[in-house]
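The values are calculated or read from the model by the stated rules, or taken from the named source; none is laboratory data. Bear in mind the structure is a predicted one, so any value in this text is a computation, not a measurement. When we count neighbours, we look across all protein chains shown, and the Cβ atoms used for this are built from the backbone with ideal geometry, even at glycine. These area figures cover heavy atoms from the full protein model, side chains too; ligands, DNA and RNA do not enter into them. Shrake-Rupley method; radii C 1.70, N 1.55, O 1.52, S 1.80 Å.
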Amino acid sequence: MKGTLYLIPTVLAEDTAAQVLPPQVAAQVAGLSYFLVENARTARRFIKSVAPQQVIEELRVSVIDKDSTEAQIQAALAPVAAGQHAGVISEAGCPGIADPGAELARRAHQLGIRVVPLVGPSSLLLALMASGMNGQSFAFHGYLPIERAKRVAALKKLEQQALQQHQTQLFIETPYRNLPLLEDLLQTLHPGTRLCVAASLTAENEFVRTDTIAGWKKAALPDIHKQPAVFLIGH
């Protein structure tokens, strides 16, 4: 019998587990002794916060991040293929969504390992829900180019896709570059294009606003510097 790979959601903001995670997440974490994680330090802190009875030193923790090789992924899943249950823990939110956990799930399916996703917060879905934009057709593009000329070109292309396909376009940025991206959005997009900024979701300082570019330009810009944020554009 092969083990099961559980995709375990974590919090988006500190000290919110009781509000955003169902009880079965904590129960599952408490029942596992092997974890495949994006970041060992934050994963151990999360495990201890939701399952304080766990003895961290007795747990087996393997790091699988964006730089992990196929051989490392296969080695990490070997105990699961041999019968041990394991949990996948992302840096924040749901494993497998814009996350290295997707490679673990992909390889697990190839090995015939059962993959079980648990319910928890996803910043992308929460942002889409709150945006008021098209939730029937949408696309997530990850990070846009850092170089400004290429980023502006990418924004124009996404705006065109949003208009032609009536499809919501989602993307993110490294938190300390949020404000330059927001400024480029306001300078590049057409006045009637709708923009949503969803920052610090589930936290006390959560910010979500959707308006046209023309509307955004009439108001003070939010202070989202160094805050995790999702940007959405649509029509």
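How many percent of the accessible area of the chain is carbon or sulfur, using a 1.4 Å probe?
The C+S portion of the solvent-accessible surface of the chain is 53 percent.
Per 0.36 nm of contour for each residue apart, how much would the distance between Thr16 and Tyr34 grow if the chain were fully extended, relative to their Cα-Cα spacing?
4.1 nm
Over the Cα atoms of segment 42-88, compute the convex hull volume and normalise it per residue, giving Å³.
Cα-based convex hull of segment 42-88, divided per residue, equals 87 Å³.
Can you give me the Cα centroid spacing of segment 1-34 and segment 172-235 in angstrom?
What the calculation gives is 31 Å, centre to centre.
Inverting the mean 1/r over all pairs of different Cα atoms, compute the Kirkwood radius of the chain and quote it in Å.
After inverting the mean inverse Cα-Cα distance, the result is 19.1 Å.
Assign one of three labels to segment 1-41, namely rounded, prolate or oblate, based on the Cα gyration tensor with a ≥ b ≥ c the square roots of its eigenvalues; rounded applies when a/c is under 1.5, prolate when it is not and a/b is larger than b/c, and oblate otherwise.
Verdict is oblate for segment 1-41.
Once you order the gyration tensor axes a ≥ b ≥ c over the Cα atoms, which shape class does segment 151-210 get: rounded for a/c under 1.5, otherwise prolate or oblate by comparing a/b with b/c?
prolate
Find which of Ser62, Asn39, Ser49 sits farthest along the positive direction of the dipole of segment 36-79, computed with +1 on the beta-carbon of Lys and Arg, -1 on that of Asp and Glu, about the Cα centre.
Ser49
P(r) of segment 188-235 in 5 Å steps, Cα pairs, percent per bin?
5, 22, 30, 23, 14, 6, 1
How big, on average over all directions, is the shadow cast by the Cα convex hull of segment 121-235, in nm²?
Taking the Cα atoms of segment 121-235, their convex hull projects to 6.4 nm² on average.
Could you check the spin-label model distance between Tyr143 and Val119? Points 7 Å from the Cα along Cα→Cβ, value in nm.
3.3
What does a probe at Ser49 reach in segment 183-215, counting residues whose amide N is under 16 Å from the point 7 Å along Cα→Cβ?
The answer is 200-206.
Using a 1.4 angstrom probe, figure out how much accessible area segment 1-120 has per residue, in square angstrom, rounded to the nearest whole.
Per-residue value: 50 Å².
With N denoting the number of residues in segment 1-102, provide Rg(C-alpha) divided by 2.2 N^0.38 Å, to two decimal places.
1.01
About the Cα centre of the chain, what is the dipole size in debye to 20, counting +1 per Lys and Arg Cβ and -1 per Asp and Glu Cβ, all else neutral?
For this selection, approximately 400 debye.
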